[in-house]
1. Of Gly39, Gly35, Gly29, which residue is within 25 Å of Ser346 (Cβ to Cβ), out of contact with any Leu (no Cβ under 6 Å at 6 or more places or on another chain), away from the ligand (no atom under 16 Å from the Cβ) and not in a helix (DSSP H, G or I)?
2. For region 326-359, which positions are more than 20 Å from Phe227 (Cβ to Cβ) and either assigned to a helix (DSSP H, G or I) or among the hydroxyl-bearing types (Ser, Thr, Tyr) (or both)?
3. I need every pair where a residue in region 366-392 that is of a type in the set (Phe, Trp, Tyr) has its Cβ under 7 Å from the Cβ of a residue that is at pLDDT below 95 and assigned to a loop (DSSP other than H, G, I, E, B), sequence separation at least 6 or different chains.
4. For region 379-388, which residues satisfy the criterion of being outside any loop (DSSP other than H, G, I, E, B) and either at pLDDT below 95 or not basic (Lys, Arg) (or both)?
5. Would you check if Glu128 is assigned to a loop (DSSP other than H, G, I, E, B), more than 30 Å from Asp301 (Cα to Cα), touching a residue at least 24 places away in the same chain (Cβ under 8 Å) and within 16 Å of the ligand (Cβ to nearest atom)?
6. If only one of Arg176, Arg214, Arg244 is in contact with a Gly (Cβ under 8 Å, 6 or more places away or on another chain), surrounded by fewer than 22 Cβ atoms within 10 Å (Cβ to Cβ) and among the basic types (Lys, Arg), which one is it?
7. Failed condition for Ala307, given (1) touching a residue at least 60 places away in the same chain (Cβ under 8 Å); (2) not in a helix (DSSP H, G or I), with all others met?
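The values are calculated or read from the model by the stated rules, or taken from the named source; none is laboratory data. Being a predicted model, the structure only gives us computed values, none of them experimental. Glycine also receives a Cβ, built like all others from the backbone with ideal geometry; neighbour counts cover every protein chain displayed.
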Amino acid sequence: MTPTRAECERRDRDDPLASLRDQFVLPPGIIYLDGNSLGPPPRSTAPAIQQVITEQWGTDLIGGWNRHDWLTLPIRLGDLLAPLIGVGPGEILVADSTSVNLYKVLTVALQSARARDPQRTVVVSESENFPSDLYIAESVASACGCTLQLSATGGDPLAALDEHTAVLLLTQVDYRTGRLHDMAAATAAAHARGALVVWDLAHTAGALPIDLTRDDADFAVGCGYKFLNGGPGAPGFLWVNPRRAHPAMQPVRGWFGHAAPFEFAVEYRPASGIAGYQSGTPPVLSMVALEHGIRSVLAADALGGLAALRGKSIALTDLFIELVSPLEATHGVRVVSPLDGRQRGSQVSLTHPEDAYAVVQALIDRGVIGDFRAPDIARFGFAPLYTSYVDVYDAAAHLTEVLRTEAWRASQYAVRAAVT
Ligand SMILES: *Cc1c(COP(=O)(O)O)cnc(C)c1O
């Protein structure tokens, strides 16, 4: 028996995490299923930025750098984020975008692997990986005469590992399907073949428990504006396993990565540890917004933390799958995310036989915000911090209605916006 709306209301009443939703500004009448693309603003973010503008920047001007310790924000926010990804303080840097961070760590990973064994000239990834990651990997590999090798769609990237592999580059949760890689198993497989591993945690951080230390990863990058709710264009992060001892120099050597930036020395001398991965001036206002985003996830600590959030995320996505499954027989809508919640990130992706884009647009018109990923995926993120069981029920009911009435066929829903 599929659950009723009343049963979903009861689950919300019994949900110990339900109060976490109050942390966010969410417009009334909206069911927001796109927090995997851009998390909503925590209520505390706007006042905090306002305060930094008036009481720090507006009062102390340039003195703010010393008086309010803006310089150390990249390290301090890294320390705040560290427990969410299973690493220690001083190991992680908040800076730049995910793409730029990937450029830095992948360059260092490739240099390190080749320094140990010059035969290792191949970066292995999968063709389903997020295109920006593939573009960066291609540019890093080709700059040093190395190659990028991609497993075919649906193939196993681990099967491509051999004595020529320098680095395995994987995104833990597939942005299209939500398929989740087993970090421990893939890392162990790469290490057994003598390769290093770079993980992209863009769709993982803030939604799933991650333990980079336990799983013995080498490098990681991730995104601040998805499940970490840091705001549009929030800085990303990078982590280097301290066992790697920073043997190589990162490629974007700016003054903020210098051991003593204010000596204005002609020669570059890297700061030790993760600080040496900095390039330029940190975006202070964006950092403050990200701090409040990270804190919105840490607020779950008292209620079971990421393990509890993960449990709820699986329950929400299981419920959505159960509610939309009948639509395969009636309207040809297929669930393309793994049906086993343990193999799925915090999203459910559907295909529609004619026009998934128009279906998503018709839903947005009804206040159910998901997104579309080319060529044919309607994608729905279920952030456990603020999504309720009734949200899931109502979203599935709207989807059923949009399909039954063929509302999606209206011509305005075929017009593609720049951001889909
Ligand atoms: C969202 C996402 C990015 C974003 O990169 P930016 O540099 O912040 O634009 C990178 N990689 C993956 C896998 C993503 O999902």
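1. Gly29
2. Result: Leu327, Glu328, Ala329, Thr330, His331, Thr351, Ala356, Tyr357, Ala358, Val359.
3. Phe372/Thr420
4. Hits for region 379-388 are Phe380, Gly381.
5. The answer is yes for Glu128.
6. Sole residue among the options that is in contact with a Gly (Cβ under 8 Å, 6 or more places away or on another chain), surrounded by fewer than 22 Cβ atoms within 10 Å (Cβ to Cβ) and among the basic types (Lys, Arg): Arg214.
7. (2)
Residue by residue, here is whether (1) touching a Lys or Arg at 6+ places or on another chain (Cβ under 7 Å); (2) within 16 Å of the ligand (Cβ to nearest atom) holds:
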{"residue": "Leu84", "(1), (2)": "no, no"}
{"residue": "Ser97", "(1), (2)": "no, yes"}
{"residue": "Tyr103", "(1), (2)": "no, yes"}
{"residue": "Leu110", "(1), (2)": "no, no"}
{"residue": "Arg114", "(1), (2)": "yes, no"}
{"residue": "Gln119", "(1), (2)": "no, no"}
{"residue": "Val123", "(1), (2)": "no, yes"}
{"residue": "Ser132", "(1), (2)": "no, yes"}
{"residue": "Ala141", "(1), (2)": "no, no"}
